[in-house]
1. Name the strands (runs of 3 or more DSSP E) wholly within region 136-229 that hold at least 3 residues that are surrounded by fewer than 16 Cβ atoms within 10 Å (Cβ to Cβ)?
2. Part of a loop (DSSP other than H, G, I, E, B) and more than 21 Å from residue 72 (Cα to Cα), is that true of residue 520?
3. Return yes when residue 255 is within 20 Å of residue 402 (Cβ to Cβ), without any contact (Cβ under 8 Å) to a residue 40 or more places away in the chain, surrounded by 16 or more Cβ atoms within 10 Å (Cβ to Cβ) and in contact with a Ser or Thr (Cβ under 8 Å, 6 or more places away or on another chain) and no when it is not.
4. Regarding region 244-260, can at least one residue be identified that is within 30 Å of residue 100 (Cβ to Cβ) and modelled with pLDDT under 95?
5. Name the residue, out of 445, 464, that is in a loop (DSSP other than H, G, I, E, B), open to solvent by less than 60 Å² (accessible area, probe 1.4 Å) and under 30 Å from residue 10 (Cβ atoms).
6. Touching a residue at least 24 places away in the same chain (Cβ under 8 Å) and either open to solvent by 20 Å² or more (accessible area, probe 1.4 Å) or closer than 22 Å to residue 330 by Cα (or both): which single residue out of 362, 379 fits that description?
7. Restricting to region 500-510, name every residue that is in contact with a strand residue (DSSP E or B) (Cβ under 7 Å, 6 or more places away or on another chain) and either over 16 Å from residue 43 (Cα atoms) or open to solvent by 30 Å² or more (accessible area, probe 1.4 Å) (or both).
8. How many residues are charged (D, E, K, R), closer than 17 Å to residue 426 by Cβ and open to solvent by 20 Å² or more (accessible area, probe 1.4 Å) if we restrict to region 449-461?
Amino acid sequence: MVSRMEHPAGGYKKIFETCEELVEPIPAQVTGRIPPWLRGSLLRLGPGLFEVGSEPFYHLFDGQALMHKFDLKNGQVTYYRKFVRTDAYVRAMTEKRIVITEFGTFAFPDPCKNIFSRFFSYFKGVEVTDNCLVNVYPVGEDFYACTETNYITKVNPETLETLKKVDLCNYVSINGVTAHPHIEKDGTVYNIGNCMGKGASLAYNIVSIPPTQKDKSDPIEKSRVVVQFPSSERFKPSYVHSFGITPNYFVFVETPVKINLLKFLSAWSIRGSNYMDCFESNETMGTWFHLATRNPDEYVDVKFRASAINLFHHINCYEDQGFVVIDLCTWKGFEFVYNYLYLANLRENWEEVKKAAMMAPQPEVRRYVIPMDVHREEQGKNLISLPYTTATAVMRSDGTVWLEPEVLFSGPRQAFEFPQINYKRCSGKNYTYAYGLGLNHFIPDRICKLNVRTKETWVWQEPDSYPSEPLFVQNPDGVDEDDGVLLTVVVNPGAALRPGYMLILNAKDLSEIARAEVEVMIPVTFHGMYKP
């Protein structure tokens, strides 16, 4: 799986450039044969506007949300894209400047206002961004684009029109939720977000949104908190990007990457700051693994601990013989990986990109195993008896259970990230295959498949080609777990006529089935979904 590809031409810089939305869908040039059962839409989200006038956005997660759609029908493909009309985008276009502070870019007060109004604007509090550039997911019969704040944006998946902005704070006690919810087979949506509770104490709430209502009312209005995880620090919540779920447990991994709330509030109101300025690392806490049972929804008060990691994406979690198995895409250490994702770094020449990546945390796919039957008298003993893993859990004298992982994949500065599985079939269950986007010194340049049992790997890769997260779509007549296809969006900046395309790969061996090329550049996308 390790990439040997070099990119001296720096074609990857093109995926971090502003593009225009399309007036109407454009036809794609299809090579190969699209499976006749593959009829639907590939929806993707990412940044599409990297500056407003002369004001640049500085971080990868700052550009304004652009929604992409590849429609597949009768072997033909069209491509369409449209900016999401968030408040952040509309106001920026109206005022021709960056109006709302983003993840790594501070929005300065209007220079045309007098000094007094600019001064007082610093004391009005933070205006949270609704720039929903990360993901899109269904809630009932509706679809929502999202980022990691309390705002989600309802969109029309057919026309890509923006319908309305929803503030989740109006329904549940959270300050923000992740862009990686879990969706049950009945349509119930689970997510996690931090909240400020009684006595200014921090906690993390699992939120449930019910499926489509018989009375056609909005499911979001019936959202509720189902269980709460405690925070390791009172005024410093950990950064949360995803969480795990099994039939009987919620899994939350609390990392040492912290948001200093006091710094956040004071810095923002007095001198102007952005979200990235308020992150810090707790170099001594390591990583805390939390579990909560489902039915009844109760926190499991056992202290599971491990060494420090950054964590963005869970691959899968499942239960086996009294153990909870947790597979993660990790980065070793406590330094925040997002420090290396400023656009200036990603747009450097290849040798500089590699040099910077050498200083960043090392990526690694890891398996942790948590025992559910824990007794204090078993100190010093490995509590894991599953025959197929080398992961360990040892009770210490202070009552904590120390977890050591099994490494499923590791390559120098080679990340297996943006993971996907056969979600409908395997979410929360024992599984075999994971698919991911391969990052070569932070540059996405391959699609990967990993057998989590044997650690066998497969790779799709072409020169000067930069793919995105692969989405698995199961063959309706398939029998095996990997009977299906992977859909990804690839940019080939060197192509004279059609530099962007949707790629369809056989999920069994990553061989190419078809591609649908378009005559426009496509900027980087993060996450998305396949809508049948």
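1. In region 136-229, 162-167 are the strands (runs of 3 or more DSSP E) which contain 3 or more residues that are surrounded by fewer than 16 Cβ atoms within 10 Å (Cβ to Cβ).
2. So residue 520 does not fit the description; no.
3. Against the criterion (within 20 Å of residue 402 (Cβ to Cβ), without any contact (Cβ under 8 Å) to a residue 40 or more places away in the chain, surrounded by 16 or more Cβ atoms within 10 Å (Cβ to Cβ) and in contact with a Ser or Thr (Cβ under 8 Å, 6 or more places away or on another chain)), residue 255 does not qualify.
4. Scanning region 244-260 turns up at least one residue that is within 30 Å of residue 100 (Cβ to Cβ) and modelled with pLDDT under 95.
5. Of the residues listed, the single one that is in a loop (DSSP other than H, G, I, E, B), open to solvent by less than 60 Å² (accessible area, probe 1.4 Å) and under 30 Å from residue 10 (Cβ atoms) is 464.
6. Only one candidate passes the filter, namely 362.
7. 505, 506, 507, 509, 510 - these are the residues of region 500-510 that are in contact with a strand residue (DSSP E or B) (Cβ under 7 Å, 6 or more places away or on another chain) and either over 16 Å from residue 43 (Cα atoms) or open to solvent by 30 Å² or more (accessible area, probe 1.4 Å) (or both).
8. Counting residues in region 449-461 that are charged (D, E, K, R), closer than 17 Å to residue 426 by Cβ and open to solvent by 20 Å² or more (accessible area, probe 1.4 Å) gives 1.
The values are calculated or read from the model by the stated rules, or taken from the named source; none is laboratory data. Values in this document were obtained by computation on a predicted structure and should not be read as measured data. Reconstructed Cβ throughout: ideal geometry from the backbone, glycine too, with neighbour counts over all protein chains shown. Protein only, heavy atoms only, side chains kept; ligands, DNA and RNA dropped before computing areas. Shrake-Rupley method; radii C 1.70, N 1.55, O 1.52, S 1.80 Å.
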